[in-house]
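Readers should treat all values here as calculations from the given coordinates under stated rules, not as data from a laboratory. On a predicted model such as this, the values are computed, not experimentally measured, just so you know. When we count neighbours, we look across all protein chains shown, and the Cβ atoms used for this are built from the backbone with ideal geometry, even at glycine.
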Amino acid sequence: MKKYDLAIIGGGISGLSAALILSAGIKEKESMKGKSIAVFDAGGSDALKAKFFNAPGLKQGTSGKKAIQKLTKQVESYGVVELFDNRIVEIIKENEFFIIKTKKDKEFTASNLLLATGFRSWDIKGLELPIKPFTRTDNSSRVALEHTEYKVSDNIYVCGLLADVSSHYPIVAGTGAQAAINIMYDWTGEWIVIHDK
Ligand SMILES: Cc1cc2nc3c(=O)[nH]c(=O)nc-3n(C[C@H](O)[C@H](O)[C@H](O)COP(=O)(O)OP(=O)(O)OC[C@H]3O[C@@H](n4cnc5c(N)ncnc54)[C@H](O)[C@@H]3O)c2cc1C
């Protein structure tokens with residue numbers, strides 16, 4: 001079974017933004033060469049309900065569906081991250097690996113996790129996580145995770161709404177990018193910045 005260096009759980013705006021920055025890192029930086037990353041997504045991004053007028057860089061009136069499609073294509077263009085349409089139902093820590101189980105009984109293995117499942121619920125079994133109420137709304141059913149600089153605990157990171165940030169495209173995308181940079185720092189000891197010409 002292939003062992004990924006990182007599994008991103010949730011391929012909405014923040015998870016895909018993280019995948020984009022990690023893809024660029026793997027392509028551009030010798031110290032990142034050979035790192036393997038998978039994104040698992042259940043297809044229910046909040047963005048799919050949106051029409052964006054205030055998202056920087058997106059044409060006004062862009063549907064959330066189009067925004068997700070564009071971001072997915074951008075990630076795919078690097079050809080380094082594997083994208084799976086799968087709902088994850090359970091994650092079990094076994095020694096230094098996470099065993100990731102899908103709704104359709106498939107199993108994947110990864111040594112790090114980036115959790116990007118949004119704020120609607122936490123329903124993945126198996127991990128003990130510091131779950132808390134999301135603080136930026138009056139809706140008490142929303143959830144988030146305690147973290148420091150997007151790190152929840154050893155080898156577990158978080159981004160997007162699950163990191164308890166405001167629900168706006170540029171903000172959640174930024175947390176995905178920052179979590180990706182932090183992960184690359186933990187792996188390589190370098191603060192990697194990729195600026196294209
Ligand atoms: C109606 C509406 C209108 C909006 N309008 C705007 C706007 O005008 N401007 C703006 O900036 N923002 C807007 N937003 C907010 C924006 O869409 C969200 O902030 C953004 O989508 C959150 O990104 P995220 O990555 O945290 O979560 P999401 O984009 O929701 O992604 C989470 C992903 O995780 C996946 N997932 C969850 N559980 C699992 C699991 N167990 N296994 C695998 N995958 C899983 C989901 O399927 C989903 O794809 C709007 C949101 C809504 C609902």
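Odds and ends about this structure:
- Antiparallel DSSP beta bridges within the chain, percent to nearest 5: 50
- Farthest towards the positive end of the charge dipole of region 3-188, among the residues Ser140, Gly79, Asn54, is the Cα of Asn54, using unit charges on the Cβ of Lys, Arg, Asp and Glu.
- Each residue of region 103-114 was assigned a 3J(HN,Hα) from its phi angle through the Karplus expression (A = 6.51, B = -1.76, C = 1.60, θ = phi - 60°), giving 4, 8, 6, 8, 10, 10, 10, 8, 8, 9, 10, 10 Hz with x at Gly and Pro.
- The chain - Rg over Rh from alpha carbon coordinates, Kirkwood radius: 0.94
- Environment charge of Val89, counting only residues whose C-beta is closer than 12 Å and scoring Lys/Arg +1, Asp/Glu -1: +2
- Placing a pseudo-label 7 Å from each Cα along the Cα-to-Cβ vector at Lys2 and Lys27 gives an inter-label distance of 1.8 nm.
- Sequentially through region 80-95, phi angles give Karplus couplings (6.51, -1.76, 1.60; θ = phi - 60°) of 10, 9, 8, 10, 10, 8, 8, 7, 8, 10, 8, 10, 10, 8, 10, 6 Hz, Gly and Pro residues having no value and appearing as x.
- Magnitude of the charge dipole for region 3-188, about its Cα centre and with charges confined to Cβ atoms of Lys, Arg (+1) and Asp, Glu (-1), is about 800 debye.
- Evaluated with a Cβ-only charge set (Lys, Arg +1; Asp, Glu -1), region 7-69 carries a dipole of roughly 200 debye about its Cα centre, given to the nearest 20.
- Between amide H atoms placed 1.01 Å from N, distances below 5 Å from Arg142 occur with Phe134, all of them 5 or more places distant or on a separate chain.
- For Thr62, the residues whose modelled amide H falls within less than 5 Å of its own, excluding neighbours fewer than 5 places apart on the same chain, are Phe52.
- Two-site label geometry, Glu96 and Gln60: point separation in nm, points 7 Å out along Cα→Cβ: 5.3
- Computed FRET value (nearest 0.05) for Asn139 with Gln69, which takes r as the C-beta separation and R₀ as 22 Å: 0.20
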